[in-house]
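> Can you keep this structure in mind? I'll have questions shortly.
The values are calculated or read from the model by the stated rules, or taken from the named source; none is laboratory data. Note that the structure is predicted; figures quoted are calculated from it, not measured. Methodologically, a virtual Cβ is constructed for each residue, glycine included, from the backbone with ideal geometry; neighbour enumeration extends over all protein chains shown. Keep in mind that these areas ignore ligands, DNA and RNA; they rest on the heavy atoms of the full protein, side chains included. Shrake-Rupley method; radii C 1.70, N 1.55, O 1.52, S 1.80 Å.
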Amino acid sequence: MKKGFKAVALLVVIMLFAAVVAACGKSEKVSVGIVLPTKDEPRWVQDEQRFKDALKGTDYTTEILFSQGSSAKEKENVETLINKGIQVLIICPQDGDAAAAAVESAKKAGVKVISYDRLITKTDAVDYYVTFDSVAVGAAQAQYLVDHAKGGGEPLYLYAGAASDNNAFLFFQGAWSVLQPKIADGTFKIANSSEAEALKDTADLSQDRDKLSKIIGQITTNWDPNEAKNKAQTHLTAAAADMKGDVAILAPNDGTARSIADVFASDKDVKSFVVSGQDAEKASIQYVIDGKQSMTVFKDVRNLVKDAMGMALSILDGNTPETTGEYDNGKIKVPAKQTDVIVVDKDNVKAALIDSGYYQASDFQGL
Ligand code: BGC
């Protein structure tokens, strides 16, 4: 009897031990690795949250790491995830060219790579790309400025994202396709970019990265609100009286839009301004409600996360993910799935962001 009890107790201990080992083994093995550029911008914290929401209640083993604006840290993150046994890597690069080395080591380890939101460039180690329609983002920002122009000869201030981000080119290319005819017909006059001024008769910059580079090099914010603020201050200090009054401002995203808007709002010679943005960051939604930022482009991150995870799962199941087009990354044409964007201003902010369940009304004042 005593012997039997001992044997049962031993068996229970062995079983418990085995269960613990199995659980540990499982939690260390990650099948999908996710690498995002930085926690310092609300946009990417949004993505992290939406990934977490999408994964809640599922038993997919994933891990999310941030690169904090460093391509070296990004490479290290990818190595860490490879060592944890990932089969699929979803990665939004800090710098499109520099990330090539990181995904090349993933490829060597047999990992499939999905470029997320930003395209990884000049490498064949990218299998898929999930993205918003970034050319449409820029075109929508510009269209808003055109639709709200106050008459002829309105000063136009141009700002762009970081030159290390392929999206900055797509956004500006889209914006330029809408703005250029309106510069040519005198609706706008460029206030702050000699490079854009020099190209004002070139309607289509989509095939000319060098020309785009010249403009972006001059008006870049590097996606940094502080840099944007400093640039805007410099531009307004240098601007003659005829470059003030009612003005239009192409700001590439919400973080930079808010700081540029603050600078323009504090200049007494600027009578009114229309300023674009993108990302529907909470702080910018409040700015839109308060009339301090004119518009934003809502990129529903839930859809991007759904597309990326859908692709990853289809790869894990041994299938070929569905794609809707392709993007040239300078080396190969990457099969891509693209999702649409929505323009938001004061008039539809509630319908687009609250009624859709993206944000809660209680997050904002004065809705
Ligand atoms: C993203 C934007 C973001 C920007 C700065 C771009 O690649 O598409 O949503 O605002 O990077 O992080």
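> Return the residue satisfying two criteria in turn: it lies in segment 170-191 and is touching a Ser or Thr at 6+ places or on another chain (Cβ under 9 Å) and open to solvent by 10 Å² or more (accessible area, probe 1.4 Å), and of such residues it is farthest from the ligand (Cβ to nearest atom).
Looking at residues that are touching a Ser or Thr at 6+ places or on another chain (Cβ under 9 Å) and open to solvent by 10 Å² or more (accessible area, probe 1.4 Å), I get P181.
> Does I91 satisfy the criteria of being aliphatic (A, V, I, L, M), under 13 Å from the mean Cα position of the chain (by Cα) and modelled with pLDDT of 95 or more?
yes
> While we're looking at this one, here's another question. Taking V130 as meeting all but one of (1) in contact (Cβ under 8 Å) with a residue 24 or more places away in the chain; (2) open to solvent by 30 Å² or more (accessible area, probe 1.4 Å); (3) touching a strand residue (DSSP E or B) at 6+ places or on another chain (Cβ under 7 Å), write down the number of the exception.
Of (1) in contact (Cβ under 8 Å) with a residue 24 or more places away in the chain; (2) open to solvent by 30 Å² or more (accessible area, probe 1.4 Å); (3) touching a strand residue (DSSP E or B) at 6+ places or on another chain (Cβ under 7 Å), only one is false for V130: (2).
> Let me ask something additional. Could you please tell me which pairs satisfy a Cβ distance under 6 Å, a separation of 6+ or placement on different chains, a first residue in segment 146-166 that is more than 24 Å from Q94 (Cβ to Cβ), and a second residue that is at pLDDT 95 or above and among the aromatic types (F, W, Y)?
E154/F188; L156/F188
> Among the numbered criteria (1) part of a helix (DSSP H, G or I); (2) open to solvent by less than 30 Å² (accessible area, probe 1.4 Å); (3) within 16 Å of the ligand (Cβ to nearest atom), which single criterion is violated by V263?
(3)
> Can you tell me which of I82, I114, I86 is within 16 Å of the ligand (Cβ to nearest atom) and either within 25 Å of N253 (Cβ to Cβ) or outside the structural domain of L170 (by TED's automatic domain parsing) (or both)? Lay out the reasoning, then the answer.
Values: I82 fails: within 16 Å of the ligand (Cβ to nearest atom); I86 fails: within 16 Å of the ligand (Cβ to nearest atom).
Going through I82, I114, I86 in turn, just one is within 16 Å of the ligand (Cβ to nearest atom) and either within 25 Å of N253 (Cβ to Cβ) or outside the structural domain of L170 (by TED's automatic domain parsing) (or both): I114.
> So, one more: Answer yes or no as to whether V247 is at pLDDT 95 or above, away from the ligand (no atom under 16 Å from the Cβ) and open to solvent by less than 10 Å² (accessible area, probe 1.4 Å).
yes
> Go over the candidates K52, K73 one by one and state the one that is out of contact with any helix residue (DSSP H, G or I) (no Cβ under 8 Å at 6 or more places or on another chain), open to solvent by 30 Å² or more (accessible area, probe 1.4 Å), modelled with pLDDT under 95 and at negative phi.
Result: K52 is the single residue among K52, K73 that is out of contact with any helix residue (DSSP H, G or I) (no Cβ under 8 Å at 6 or more places or on another chain), open to solvent by 30 Å² or more (accessible area, probe 1.4 Å), modelled with pLDDT under 95 and at negative phi.
> Tell me, which residue of segment 250-289 that is aliphatic (A, V, I, L, M) and more than 20 Å from the chain's Cα centre (by Cα) is farthest from W176 (Cα to Cα)?
I289
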